[in-house]
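Nothing in this text is a laboratory measurement; each read-out follows from the coordinates by a stated rule. The structure presented is a predicted model; accordingly, all values stated were derived computationally and were not measured. Note: ideal-geometry Cβ built from the backbone for every residue, glycine included; neighbour counts use all protein chains shown.
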Amino acid sequence: MTGGTTHAAPAAADRTLEAVVSVLDERSQEQVLALWEELRREFNVTDNYTAPIPHFSYHVAQAYDPEALDQALREFAGEWAPFHVRTGGLGLFTGSLPVLYIPIVREARLSLFHAELCQRLHPLASDPVPYYFPENWLPHITLTLGAVEPQTLAAVIAHLSPRRFDWSMVVHNLTAICDNCGVLDVNQRYPLQGSR
């Protein structure tokens, strides 16, 4: 397991938040969905996503200007080509509602993509969440979210820790979602189709 962090859970489960994310590629989605199902079956751990689709987040805010967001994401996705990222190990955001996750390795290309994207999104956002600012950002795929008893969380970690989570995946889209409000519109998905 990679070391814990003093961060609290990046997104409170009881707040409605909008986010700009990348939905995982098909193979990685299948792996994460299988893990979520296994944790439900073996440990009765359920997620708090109302739009449960495997993804990782770049920027989260209370709200965005929708027309400006559409234009910004369309332009940004038109500049960047798909690229690979890697995952490694397990991580834990500590706090009253700990979050178990798969860390995504923050390589130079991913960090540049994120920093430039945040520059475009920040002026469009109301009350952006600081955990996702470039100086704080820990890219990750959530495995457990919400109230999990400490003994259950320990059992989940013991169950998963013998496994390797050194995955490779293709970042091929930007997607605008509303977490915890049941909105995930595939029409708001922007394929990366540039040359950078």
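Computed from backbone phi, the HN-Hα couplings of the stretch 30-40 come to 4, 5, 5, 4, 5, 5, 4, 5, 4, 5, 5 Hz, rounded to whole numbers (Karplus: 6.51 cos²θ - 1.76 cosθ + 1.60, θ = phi - 60°; Gly and Pro given as x).
Once you list every other residue whose beta carbon is under 10 Å from the beta carbon of Glu116, what net charge do they have if Lys and Arg are +1 and Asp and Glu are -1?
Local net charge: +1.
Do any trypsin sites (Lys or Arg not before Pro) in the stretch 43-116 lie in a loop, going by DSSP, with at most 16 other beta-carbon atoms within 10 Å of their beta carbon, and if so which? Can you show the working numbers first?
Details: sites: Arg74, Arg86, Arg106, Arg109; in loops: Arg106.
Answer by residue number: Arg106.
Note on Gln119 and Thr94: the extension gain reaches 6.2 nm, defined as 0.36 nm multiplied by sequence separation minus the Cα-Cα distance. Each residue of the stretch 102-118 was assigned a 3J(HN,Hα) from its phi angle through the Karplus expression (A = 6.51, B = -1.76, C = 1.60, θ = phi - 60°), giving 9, x, 9, 5, 8, 7, 4, 5, 5, 5, 5, 4, 5, 4, 5, 5, 4 Hz with x at Gly and Pro. For Ala63, nonlocal amide neighbours, meaning residues 5 or more places apart or on other chains whose placed amide H falls under 5 Å from its own, are Glu18, Ser126. Each residue of the stretch 153-158 was assigned a 3J(HN,Hα) from its phi angle through the Karplus expression (A = 6.51, B = -1.76, C = 1.60, θ = phi - 60°), giving 4, 4, 5, 5, 4, 4 Hz with x at Gly and Pro.
So if each residue of separation counts as 0.36 nm, and I subtract the Cα-Cα distance between Arg40 and Ser126, what length gain in nm does that give?
Numbers: separation 86, 0.36 × 86 = 30.96 nm, distance 3.44 nm.
Answer, rounded to one decimal: 27.5 nm.
Between Ala158 and Gln71, the contour length at 0.36 nm per residue exceeds the Cα-Cα span by 26.8 nm.
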